[in-house]
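First comes the structure, then the notes that go with it.
The values are calculated or read from the model by the stated rules, or taken from the named source; none is laboratory data. Because the structure is a prediction, the values reported are computed rather than measured. Positions of Cβ are generated from backbone atoms using ideal geometry, with glycine treated the same way; all protein chains shown enter the neighbour counts.
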Amino acid sequence: MAARTDDSDYLHSLSVLDRVPYLGDADDATRGVVLTVVAGLLLRLVALGARPAHFDEGRVAYFTEYFVRTGAFEYRSIIHGPFIQHVNAALFPVLGPTDFASRLVVALVGAALPATALLLRHRLRDTETVALALFLALNPVLLYYSRFSRSSILVAGFMFGAFALFVYAYDTRDVRPFYLGTLLVGFGFASKENAILYVLCWLGAGALVADRALFGPRDYDGGSDRVRALYARTRDRGDGETVVRVASHAILASVLLLVVVLFFYAPRGAGSPVEVGGQPVGLYGLLSNPGAFGGVLDATIGDIEKIAYWFEQSGSEGGEALTVSGLVDKFVNFGGQTLETYAYYAAALGTFGVLGFLYERYGAARPRPFVMFASYWAFASAIGYPIGTDIYGAWITVNVLVPLAIPAAVTLAALYRVGWESFADDDRVSVGLVAVLFLLVGGQLAVATANGVYLNDDTADGMVQYAQPSDSMRQATEAMREAERSGADPAVLVYGDLYVDNEDDFVGLGNDDIRVPLHPQCMKFFPSLSLPWYHYKDDIGTVCASNSTQFDEAYAGEPPVVLAPVVHESFLDERLEGYEKSTFYLRTAAGDRKETLLYVRAEE
């Protein structure tokens, strides 16, 4: 088991917690982490469904609802891993197809992430354990994307959780956490394709830690001498029974990982290309048609191979391979935007993370391999993700901030201990300096959280990706729902060729050939996202008109709600007397903001 420095005397929890079930006998570090998890959960659940669905959220939710209604599922690489679709397909019938329900599982995983700090206690001080939980719970970027129906937090949470479980299994010599960690790795691969990059980062970080251990090691004549000694110890312990036991666990874990991945990626219902007797047979259909197993397995493997789409994009632009200078330009462009995100919403975590690495690397008598490993993992991600992404979104910083929280916790805990010791020694100057620093960090964190996560969740610079609709779109979705409930037929009229396409009634995604019915059939899917999600989930009766001639026919039923691009304002103002007019943006970033008119018939 790894050595651990006990600094529990620095932590003092409230005595009232002595009467709380399961916490009464817990130590102060455990209490601190549990309270942090509870606080993080509340921050993630409050007003979870208030923000209108982002382009990506609307797209994934639309196809999840289609899965619920038809039972048809097939992996689509363009909308990332299927984990969230399967889980939400189980939640929608229970909670209803809502923005809240679509984000709930992400919020829960994000809220549980700080609890992983307890698995790492054998490698951290008690103060560092609590500090790690605080960073994972309260960082504005991690908080924002825990309230976002996207797989970034899922893959980061599952892979970091797996890492923590693997470390815990090694430290305690207990194989059960190893299997649970393997399960989480499977969830990570089912959540998003970049799970493989986590494994590569682990291998790279492990190589650097091993190199450090072999460079001038203490008590050995050199690195090769240490390797020989390690080999000798392993050989002495590795009797036949041990080898068989280790090999058995490795095989069982591999089978578990394979089963989990195949389960999530396997096609279902009409989404399966495998047919028996003219009927599609997917995963669940194998119960009555076991002979189709080979075909379903081949189809699943074929779908998994679509993951390559994302890795082909990372080194290309417009289908052309990028040169070295092109990759540098891409890094400068996207890397600069990540720095903006770090500066606005992760200043404390980022700064403390770098300082924690420097402190551990050059200030400690014996740098802890665990802290160095996490630092290398974070730094590799900070360089790799801006180069690998196809479009910029602040969500890529999640993959950096999660491992960086470990060295950041080292710095935060060290400052806390300095302040506590200074207080005990009546060193008022040092106490004051530490207090001012904590106030500055806490104040910046509070402002960034309030602004980026809650008050300006649709427009915050450095946080919100351009395809986020403005909060005022909620007026349109509520008006559409009320119109449908009133029994109006049709409830909504959509006008203008920017959003209307009367020819296509199916939608295909990206470069695949998967086609599903579009609702409403007359709307262009991608230009109007996330509106189709709201039309579909609430079964809004909708008619469309792309020009003035079609408008008169479509308006014959006098729908209570009319939607149109703002360029048609004068045309509609002349024809929609008795309607109240407002506007909203389908895209909040500068450029093509898709300003949209909302006309709602005034109540008489």
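Checked against (1) closer than 22 Å to Val167 by Cα; (2) in a helix (DSSP H, G or I), Thr341 passes all but a single condition, namely (1).
For the stretch 345-366, the criterion of being more than 23 Å from Leu120 (Cα to Cα) and in contact with a Gly (Cβ under 6 Å, 6 or more places away or on another chain) is satisfied by at least one residue. The number of residues in the stretch 393-437 that are of a type in the set (Ser, Thr, Tyr) and surrounded by 20 or more Cβ atoms within 10 Å (Cβ to Cβ) comes to 2.
Checking the structure you have, find out if any residue of the stretch 366-382 is of a type outside the set (A, V, I, L, M), surrounded by fewer than 23 Cβ atoms within 10 Å (Cβ to Cβ), free of Cβ contacts under 8 Å to residues at least 60 places away in the same chain and outside any helix (DSSP H, G or I). Among the residues of the stretch 366-382, at least one is of a type outside the set (A, V, I, L, M), surrounded by fewer than 23 Cβ atoms within 10 Å (Cβ to Cβ), free of Cβ contacts under 8 Å to residues at least 60 places away in the same chain and outside any helix (DSSP H, G or I), which makes the answer yes. The single condition among (1) part of a helix (DSSP H, G or I); (2) touching an Asp or Glu at 6+ places or on another chain (Cβ under 8 Å); (3) of a type in the set (Val, Ile, Thr) that Val441 does not meet is (2). Selection over the stretch 132-151 of residues that are under 11 Å from Gly40 (Cβ atoms) and part of a helix (DSSP H, G or I) gives a count of 8.
Residue selection: Val246 satisfies the criterion of being in the same structural domain as Arg173 (by TED's automatic domain parsing), among the β-branched types (Val, Ile, Thr), assigned to a helix (DSSP H, G or I) and at pLDDT 80 or above. Taking the numbered list (1) modelled with pLDDT of 90 or more; (2) within 24 Å of Pro527 (Cα to Cα); (3) not acidic (Asp, Glu) in turn, Gly40 passes all entries but (2). Residue check: Phe334 meets all listed conditions (1) of a type outside the set (D, E, K, R); (2) out of contact with any Pro (no Cβ under 7 Å at 6 or more places or on another chain); (3) touching a residue at least 24 places away in the same chain (Cβ under 8 Å) but one, namely (2).
When the stretch 549-604 is filtered for residues that are under 32 Å from the mean Cα position of the chain (by Cα) and surrounded by fewer than 17 Cβ atoms within 10 Å (Cβ to Cβ), the ones remaining, listed by number, are Thr583, Ala589, Ala590, Gly591, Asp592, Arg593, Glu595.
Residue-wise test of (1) farther than 24 Å from Phe100 by Cα; (2) in contact with a Pro (Cβ under 9 Å, 6 or more places away or on another chain).
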site	(1), (2)
Arg150	no, no
Leu154	no, no
Phe160	yes, yes
Phe163	yes, yes
Phe166	yes, yes
Thr182	yes, no
Val185	yes, no
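Would you check if Arg593 is farther than 19 Å from Ala545 by Cα and among the basic types (Lys, Arg)? Spelling it out, Arg593 is indeed farther than 19 Å from Ala545 by Cα and among the basic types (Lys, Arg). Summed over the stretch 16-39, the residues that are among the polar types (S, T, N, Q) and loosely packed, with under 14 Cβ neighbours inside 10 Å give a count of 0.
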